[in-house]
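The values are calculated or read from the model by the stated rules, or taken from the named source; none is laboratory data. Keep in mind that this is a model prediction, so the values were computed, not measured. Methodologically, a virtual Cβ is constructed for each residue, glycine included, from the backbone with ideal geometry; neighbour enumeration extends over all protein chains shown.
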Amino acid sequence: MATKAPKDNIDETRLTVGARKTTAVGLPAVINSLKISIDQMGPVRSAQTLLAVNQVKGFDCMGCAWPEGDKRHTAEFCENGAKAVAEEATRRTVPPSFFAEHAVRDLLDRDDYWLGQQGRLTHPMLLDEGGTHYRPVSWDEAYQVVVDELAALDSPDEAIFYTSGRTSNEAAFLYQLMVRGIGTNNLPDCSNMCHESSGSALNETLGVGKGTVSLLDLDTAPLIIVAGQNPGTNHPRML
């Protein structure tokens, strides 16, 4: 059984900065990962889910794109990965009653952490024009809203179909098939949108919009300089 979602935003006035840690892994990271996972998923689902992360017959962690080798470890994830998986596989749910209680204005005043910790939607929700609250609708009504909006466009190219870079190959194939059937190829995803700036900068400096190193280079390099990012929070498996 998962614990209840937080009721209030984080009180930033109570945050403190302690002594700098000298390690980012080990037993403290394991304990923290388990605590967060059990809070979100409960003990049984936590064990089943974490043991499948980045495994051959499991699923890819959505936390980062760090590749796995041919030999997989039992715990093939980092602390941040465990947190990301826990929030996706949470047992917490957001029913229609949640939106009846919270107006859109109230949700706008909530921080991202609070919103993410509430759980997963149980019904399609629709915000009517001029409405103050989301309301539950059937799947048929939800699809019809999309159909009506697309049909009202002067050209299919006025639509953009934004999807996740973590979508499975099968789901992505069906998605692009549907979009091309509508008549457009406007199919950005979070990968190329997120890396648009870095790709442009790399093109100007190196002539190619992608990295030119391999994991072997990291293993054998005498010096690695990381600028403009924090591996400890963004991609701790690099450490």
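Output the number of the condition that Thr122 fails; it satisfies all remaining conditions of (1) modelled with pLDDT under 95; (2) closer than 30 Å to Lys4 by Cα; (3) in contact with a strand residue (DSSP E or B) (Cβ under 8 Å, 6 or more places away or on another chain); (4) not charged (D, E, K, R). So the condition that Thr122 fails would be (1).
Remark: pairs (first residue in region 157-172, in the same structural domain as Cys194 (by TED's automatic domain parsing); second residue aliphatic (A, V, I, L, M) and modelled with pLDDT of 90 or more; Cβ separation under 9 Å; 6+ apart in sequence or on different chains) = Ala159/Leu150; Ala159/Leu153; Ala159/Val179; Ala159/Ile182; Phe161/Met178; Phe161/Val179; Phe161/Ile182. For first residues located in region 64-86 and at pLDDT 85 or above, partners that are of a type in the set (Lys, Arg) and lie 6+ apart or on another chain with Cβ distances below 7 Å form the pairs Cys78/Arg237.
Checking the conditions here, which among Lys83, Lys4 is farther than 28 Å from Pro136 by Cβ and of a type in the set (Lys, Arg)? Can you show your working first?
On the way: Lys4 fails: farther than 28 Å from Pro136 by Cβ.
Unique residue meeting the criteria: Lys83.
Residues that are assigned to a loop (DSSP other than H, G, I, E, B), of a type outside the set (Gly, Ala, Ser), touching a helix residue (DSSP H, G or I) at 6+ places or on another chain (Cβ under 6 Å) and modelled with pLDDT under 95 are absent from region 128-147 altogether. Scanning region 46-64 for residues that are under 19 Å from the mean Cα position of the chain (by Cα) and not in a loop (DSSP other than H, G, I, E, B) returns Ser46, Thr49, Leu50, Val53, Phe59.
Taking each residue of region 88-111 that is free of Cβ contacts under 8 Å to residues at least 12 places away in the same chain and part of a helix (DSSP H, G or I) and looking for partners that are among the hydrophobic types (A, V, I, L, M, F, W, C) and surrounded by fewer than 16 Cβ atoms within 10 Å (Cβ to Cβ) with beta-carbon atoms closer than 9 Å, six or more apart or interchain, yields Leu107/Leu115. Reported count of residues in region 13-34, each being assigned to a helix (DSSP H, G or I), modelled with pLDDT of 85 or more and surrounded by fewer than 12 Cβ atoms within 10 Å (Cβ to Cβ), is 3.
For region 144-157, does any single residue satisfy the condition of being within 19 Å of the chain's Cα centre (by Cα), surrounded by fewer than 13 Cβ atoms within 10 Å (Cβ to Cβ) and of a type outside the set (Val, Ile, Thr)? No, because not a single residue in region 144-157 is within 19 Å of the chain's Cα centre (by Cα), surrounded by fewer than 13 Cβ atoms within 10 Å (Cβ to Cβ) and of a type outside the set (Val, Ile, Thr).
Being touching a helix residue (DSSP H, G or I) at 6+ places or on another chain (Cβ under 8 Å) and part of a loop (DSSP other than H, G, I, E, B) is a property that His123 has. Scanning region 120-137 for residues that are of a type in the set (Gly, Ala, Ser) and exposed (fewer than 11 other Cβ atoms within 10 Å of the Cβ) yields a count of 1. Reported count of residues in region 152-176, each being part of a helix (DSSP H, G or I) and farther than 28 Å from Met62 by Cα, is 3.
Evaluate region 177-200: report whether one residue or more is of a type in the set (D, E, K, R), under 30 Å from Thr23 (Cβ atoms) and not in a loop (DSSP other than H, G, I, E, B).
no
If the condition is being more than 29 Å from Pro156 (Cα to Cα) and either hydroxyl-bearing (Ser, Thr, Tyr) or in contact with an Asp or Glu (Cβ under 7 Å, 6 or more places away or on another chain) (or both), then region 184-239 contributes Ser198, Thr205, Thr212, Ser214, Thr220, Thr233, Pro236. If you go through region 165-201 and pick out every residue that is over 24 Å from Ala151 (Cβ atoms) and among the basic types (Lys, Arg), you end up with 1.
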